[in-house]
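Engineer: My questions all concern the structure below.
The values are calculated or read from the model by the stated rules, or taken from the named source; none is laboratory data. Here the structure is a predicted model, which means the values were calculated and not measured. Glycine gets a Cβ as well: all are built from the backbone with ideal geometry, and neighbour counts include every protein chain shown. Calculation scope for accessible area: heavy atoms of the full protein, side chains included, ligands and nucleic acids excluded. Shrake-Rupley method; radii C 1.70, N 1.55, O 1.52, S 1.80 Å.
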Amino acid sequence: MVAEGPAAAVVTLPSMPTSNDTAFLDHLADTLATLPGTHAVSLGGSRAQGTHTPDSDWDTAVYYRGSEGMFAPRCLRELGWEGEASEIGGWGGGVFNGGGWFTVEGRRVDVHYRDLDDVERVLAEAEEGRFRVEPLMFHLAGIPSYLVVAELAVNRVLRGTAPKPDRYPDALRESAPGEWWGRAEATLAYARAGFAPKGGRTEVVGAVAVAAASAAHAVLAARGEWVTNEKRLLERAGLRGVDDLVVDQGLGLAELVDRARELMAAVVEEARQGA
């Protein structure tokens, strides 16, 4: 049962055979569901999409309402799992507002905090074609605010209830490609004018990488495909060819930027024409 108040009991995960993934997931979901204020628990990442390997992490999320003031990270810490849990907002704030990394029964488990008040607001914005881009560690282009909506679209809700989009919003398919491609173009233009003339190869290559990630977001938005992280972003968008350009020592820095822009523009335009 999903806990709905501060008096809800918190239980620890019982010992179980590490070979039984189904039993492990059931116990994991049941335990997270008892955290005070939790409305829903979901499974994400490769395990939700059936693309995992035996060594893949178990990516989970707990959904609560910040307006209720019942969810507290200390309750997660009190489970006694090896690892650490941030405070709410500890990962920089915004829609990706914190979580924890743990080892549970020999498995790596990530727990993300998701405020349903924020999720529902972002979902309404996405339906209107509005979003913002937030910085997040390990992400080149940052993350779109609609990432939390994408999670609900592709993740498995294990306990409780949470809103689940039944489609990629038409308004977002209309607005997001232009926003992302504009970011890519601006990044490349700055690299060509500011970094390339000064011989800043590291800066130019970094800018190309950031622009490629932004362009990939543009491609997938035009196709109406949800994105939850950057791990396979370039592959999915068909932009892996940028790799060959950044390692080509025969290209001057300005030419590298120009060639990269040409490649990205063609892929983005194809996606927008096919939308």
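Engineer: Specify the residue that is nearest to E262 (Cα to Cα); the eligible residues are those in region 175-192 that are in contact with a Lys or Arg (Cβ under 9 Å, 6 or more places away or on another chain) and either of a type in the set (S, T, Y) or open to solvent by 40 Å² or more (accessible area, probe 1.4 Å) (or both).
Structural biologist: Per the stated criteria, the residue is E185.
Engineer: Criterion first (at pLDDT 95 or above, touching a helix residue (DSSP H, G or I) at 6+ places or on another chain (Cβ under 8 Å) and over 27 Å from A48 (Cα atoms)) does R173 satisfy it?
Structural biologist: So R173 does not fit the description; no.
Engineer: Something else about it: Taking region 193-230 as the search range and keeping residues that are in a loop (DSSP other than H, G, I, E, B) and more than 18 Å from L147 (Cα to Cα), which one is least open to solvent (accessible area, probe 1.4 Å)?
Structural biologist: Start the filter on region 193-230 by keeping residues that are in a loop (DSSP other than H, G, I, E, B), which leaves 199-200, 224-230.
Narrowing further to those that are more than 18 Å from L147 (Cα to Cα): 199-200.
Values: G199: 51, G200: 13 Å².
Filtering region 193-230 for residues that are in a loop (DSSP other than H, G, I, E, B) and more than 18 Å from L147 (Cα to Cα), the one least open to solvent (accessible area, probe 1.4 Å) comes out as G200.
Engineer: Which residue out of V267, V247 is touching a helix residue (DSSP H, G or I) at 6+ places or on another chain (Cβ under 7 Å) and among the β-branched types (V, I, T)?
Structural biologist: Numbers: V247 fails: touching a helix residue (DSSP H, G or I) at 6+ places or on another chain (Cβ under 7 Å).
Checking each option against the conditions leaves just V267.
Engineer: A further question follows. List the residue pairs whose Cβ atoms are under 8 Å apart, where the first residue sits in region 81-94 and is under 20 Å from P135 (Cα atoms) and aromatic (F, W, Y), the second is outside any loop (DSSP other than H, G, I, E, B) and open to solvent by less than 50 Å² (accessible area, probe 1.4 Å), and the two are 6 or more positions apart or on different chains.
Structural biologist: W91/G99
Engineer: Okay, moving on. Which number in (1) open to solvent by less than 50 Å² (accessible area, probe 1.4 Å); (2) touching a residue at least 60 places away in the same chain (Cβ under 8 Å); (3) over 21 Å from D26 (Cβ atoms) marks the one condition that L140 misses?
Structural biologist: Against the list (1) open to solvent by less than 50 Å² (accessible area, probe 1.4 Å); (2) touching a residue at least 60 places away in the same chain (Cβ under 8 Å); (3) over 21 Å from D26 (Cβ atoms), L140 comes up short only on (1).
Engineer: Shifting gears a bit: Only one of (1) open to solvent by less than 30 Å² (accessible area, probe 1.4 Å); (2) part of a helix (DSSP H, G or I) is not met by D117, so which one is it?
Structural biologist: Of everything listed in (1) open to solvent by less than 30 Å² (accessible area, probe 1.4 Å); (2) part of a helix (DSSP H, G or I), D117 misses just condition (1).
Engineer: A further question follows. For region 172-201, how many residues are closer than 14 Å to F131 by Cβ and among the charged types (D, E, K, R)?
Structural biologist: Within region 172-201, the subset closer than 14 Å to F131 by Cβ is 172-180, 182-183.
The next check asks that each one be among the charged types (D, E, K, R); those that pass are 173-174, 179, 183.
So the count comes out to 4.
Engineer: Another question, then. For region 179-218, give me each residue that is polar (S, T, N, Q) and under 22 Å from A271 (Cα atoms).
Structural biologist: T187, S214 - these are the residues of region 179-218 that are polar (S, T, N, Q) and under 22 Å from A271 (Cα atoms).
Engineer: Let me ask something additional. Within region 232-247, which residues are part of a loop (DSSP other than H, G, I, E, B) and open to solvent by 60 Å² or more (accessible area, probe 1.4 Å)?
Structural biologist: Of everything in region 232-247, those that are part of a loop (DSSP other than H, G, I, E, B) and open to solvent by 60 Å² or more (accessible area, probe 1.4 Å) turn out to be R232, R240, V247.
Engineer: Of R159, R130, which residue is open to solvent by 40 Å² or more (accessible area, probe 1.4 Å), of a type in the set (K, R), over 16 Å from the mean Cα position of the chain (by Cα) and over 18 Å from A33 (Cα atoms)?
Structural biologist: R130 is the lone residue from the list that is open to solvent by 40 Å² or more (accessible area, probe 1.4 Å), of a type in the set (K, R), over 16 Å from the mean Cα position of the chain (by Cα) and over 18 Å from A33 (Cα atoms).
Engineer: Residues in region 39-52: is at least one at pLDDT 95 or above, touching a helix residue (DSSP H, G or I) at 6+ places or on another chain (Cβ under 8 Å) and either open to solvent by 10 Å² or more (accessible area, probe 1.4 Å) or of a type in the set (K, R) (or both)?
Structural biologist: Taking every residue of region 39-52 in turn, at least one turns out to be at pLDDT 95 or above, touching a helix residue (DSSP H, G or I) at 6+ places or on another chain (Cβ under 8 Å) and either open to solvent by 10 Å² or more (accessible area, probe 1.4 Å) or of a type in the set (K, R) (or both).
Engineer: Also, I was wondering about something else. Condition (residue is among the polar types (S, T, N, Q) and either farther than 30 Å from E151 by Cβ or more than 24 Å from the chain's Cα centre (by Cα) (or both)) applied to region 246-256: is it met by at least one residue?
Structural biologist: yes
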